[in-house]
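The values are calculated or read from the model by the stated rules, or taken from the named source; none is laboratory data. All values reported here derive from a predicted model rather than from experimental measurement. In this analysis, Cβ positions are derived from the backbone assuming ideal geometry, glycine residues included, and neighbour counts consider all displayed protein chains. The area values use the complete protein model at the heavy-atom level, side chains included, leaving out ligands, DNA and RNA. Shrake-Rupley method; radii C 1.70, N 1.55, O 1.52, S 1.80 Å.
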Amino acid sequence: MDGATQEPGTAWGSDRVPAGRPAPRHRSAVLFALMLAAFTFNTAENLPIGLLEPVSEDLGVSLSAVGLLVTGYGATVAVSSLPLTHAVRAVPRRHVLTGLLAALVVSSLVAALATSYGLLLAARLLTALAQALFWAVMGPVAVGLFPPAVRGRVVGALSVAGSLALVLGVPAGNWLGGRSGWQLPVALPAALGLVSLVTIALALPTTPPERGNAGRGTRPDARRFGIVLAAGTLSATGAFTGYTYVVELLGDVSGFSSGSVSALFVGFGGACLVGVTVTGALLDRFPQATLTVAVATQAVGMLGLCAAGGDRVAAVVFLALLGGALGPVFMTTQNAMLHCAPGRTDIALAANSGLYNAGIAAGAALGGLVLPLTGVAGTFLVGGLLTVGACAVLLGGRLSLRAPKSGV
């Protein structure tokens, strides 16, 4: 499994290690570097949420303008994932990843040194472009380092690292920003990105993308591919129709104080971390069931917050269910792409990431339309119903995929 077939010209200058598969110690180093990069990108993406006021005051712009640093980031990821991945489809992944991490380092330093809103926004959009491509190429590189039987666990490890950004990275950045100014936490991703960059540059072989054993789906299925894309997009739209306004729900409907809401967000991140950890352990054995269960759990959390959000205990329970499902939904759709992609897995992952981010943007916009008409509870009702629709797509898809076998 570590590459018994000898191939000349390895990245390590040894003819005993195949070009497409690094030595075991190098595989672990690359996986660690990719996990650190996932953590860093997710932290960089969400840092402005907790730094709105200091950035606004320092640069002399409105809070809504600073909020565009987050929404513009997500929109950039949504529209650029697929075209960027297509553009670099023939470039060795070592070169792609080191280039993306170099962009992260440079953009983080520029953002921290920015003295104008325009420069800060430009730096953020550069980071977003790098992240859009990173999520598409990271998965095939990581799972291609290990045997197919443990792909789910590798995807789980990457998802845990990404989820740690909400539990550790963003809170730590916000805490640091309150004591040293917003520039230092915005600059820190540069240091973490540099560690990942150097590790990947030294430990990942330079091979064409098609040489990796995860370059194509293990069970290509165009219908399954379409079903997962549709369900994931619906689920993201549903989740963020309500979640965008969860602070209002917890404060106005549940009656929590602002301090309690902050604590609940830490708990929400913890639930997300638990969710991806448990799901990662089950992905290899139950790849389809874990996706369905994650989407169904999200539906229960959304509808529960709508129906029982006025009860504090119930609100905490249903918020934890929502948190425990959000990470696993995206994680399980990404894992599905590695199996059912009808063509290259990086293109499939880019499509999934782009549509998921489009769903986030659409959900936030839809929630904004629903909010003045029905109140904040109504946003969770609409989001929950959309998530139920995602469940129906998955269950209907499973029935349709089985139909030819039964002669229907």
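May I ask for the distance between the Cα centers of region 46-77 and region 220-279, given as a whole number of Å?
What the calculation gives is 21 Å, centre to centre.
Using Stokes-Einstein with the Kirkwood hydrodynamic radius over Cα pairs, what translational diffusion coefficient do you get for region 93-140 at 20 °C and a viscosity of 1.002 mPa s, in µm²/s rounded to a whole number?
Rounded, D is 195 µm²/s.
Place a point 7 Å from Cα of residue 373 in the direction of its Cβ. Which residues in region 226-245 have their backbone N less than 15 Å from it?
The answer is 241-242, whose backbone nitrogens lie closer than 15 Å to the label point.
Would you please give the residues with an amide H less than 5 Å from that of residue 216, counting only those at least 5 places away or on a separate chain, with H modeled from the backbone geometry?
Distant-sequence amide H within range of residue 216: 345.
Please report the carbon-and-sulfur percent of the accessible area for region 246-354; probe 1.4 Å, protein heavy atoms only, DNA, RNA and ligands left out.
70 percent
Could you sort 46-52, 227-233 so that the peptide with the highest average Cβ count within 10 Å comes first and the rest follow in order?
Highest mean packing first, the order is 227-233, 46-52.
Tell me, what are the semi-axes, in whole angstrom and largest first, of the equivalent ellipsoid of region 118-244 as set by the roots of 5 times the Cα gyration tensor eigenvalues?
Computed over region 118-244, the values are 30, 22, 15 Å.
Counting each DSSP H run of 4 or more residues in the chain as -39500 (n - 2.57), what helix-only mean residue ellipticity at 222 nm follows after dividing by all residues, to the nearest 500 deg cm²/dmol? Walk me through the numbers before you get to the answer.
Values: 14 runs with 306 residues, N = 408.
The helix contribution divided over the chain gives -26000 deg cm²/dmol.
Specify the residue with the greatest mean-square fluctuation among 130, 308, 336, computed from a Gaussian network of the chain linking alpha-carbon atoms under 10 Å apart.
Highest fluctuation of the listed residues: 308.
How much length is gained on full extension from residue 266 to residue 230, taking 0.36 nm per residue of separation minus their Cα-Cα distance?
9.9 nm
Need the full-extension length gain, residue 221 to residue 312, defined as separation in residues times 0.36 nm minus the C-alpha distance. One decimal, nm. It would help to have the intermediate numbers written out before the result.
Values: separation 91, 0.36 × 91 = 32.76 nm, distance 4.46 nm.
Roughly 28.3 nm would be gained on extension.
What residue among 28, 108, 80 shows peak mean-square fluctuation when the chain is described by a Gaussian network model with Cα springs under 10 Å?
Most flexible of the set in this elastic network: 28.
May I ask you to evaluate 6.51 cos²θ - 1.76 cosθ + 1.60, the Karplus curve with θ = phi - 60°, for each residue of region 144-153 and list the ³J(HN,Hα) values in order in whole Hz, giving x for glycine and proline?
x, 7, 10, x, x, 5, 10, 4, x, 5
Can you match semi-axes √(5λ) of the Cα gyration tensor in Å to one of these, [x] 34, 28, 17; [y] 33, 24, 20; [z] 42, 29, 18, based on a calculation from the structure here?
[x]
What FRET efficiency, computed as 1/(1 + (r/R0)^6) with R0 = 30 Å and r the Cβ-Cβ distance, is obtained for residue 168 and residue 115, rounded to the nearest 0.05? Display every interim value, and only then the final one.
Values: r = 29 Å, r/R0 = 0.98.
Plugging the Cβ-Cβ distance into 1/(1 + (r/R0)^6) gives 0.55.
Could you give the length gained by full extension between residue 91 and residue 25, i.e. 0.36 nm per residue of separation minus their alpha carbon distance, to one decimal place?
Gain on stretching residue 91 to residue 25: 21.3 nm.
Residue by residue, what Karplus-based ³J(HN,Hα) values in Hz, rounded to whole numbers, does region 304-310 have, using 6.51, -1.76 and 1.60 with θ = phi - 60° and x for Gly and Pro?
x, 5, 5, 7, 10, x, x
Which peptide among 179-185, 92-98, 150-156, 136-142 comes first, and what is the full order, when sorted by highest mean count of other Cβ atoms within 10 Å?
On the way: 179-185: 16.7, 92-98: 19.6, 150-156: 22.0, 136-142: 24.7.
Final packing ranking: 136-142, 150-156, 92-98, 179-185.
Accessible area per residue of region 287-408 at 1.4 Å probe, in Å²?
For region 287-408, the per-residue accessible area is 37 Å².
Using θ = phi - 60° and the Karplus relation 6.51 cos²θ - 1.76 cosθ + 1.60, list the HN-Hα couplings for region 65-77 in order, rounded to whole Hz, with x at every Gly or Pro.
5, 5, x, 5, 5, 8, 5, x, 4, x, 5, 5, 4
Mind checking which of 314, 56, 156 is farthest towards the positive end of the chain's charge dipole, using Cβ charges of +1 (Lys, Arg) and -1 (Asp, Glu) about the Cα centre?
Toward the positive end, the furthest listed residue is 156.
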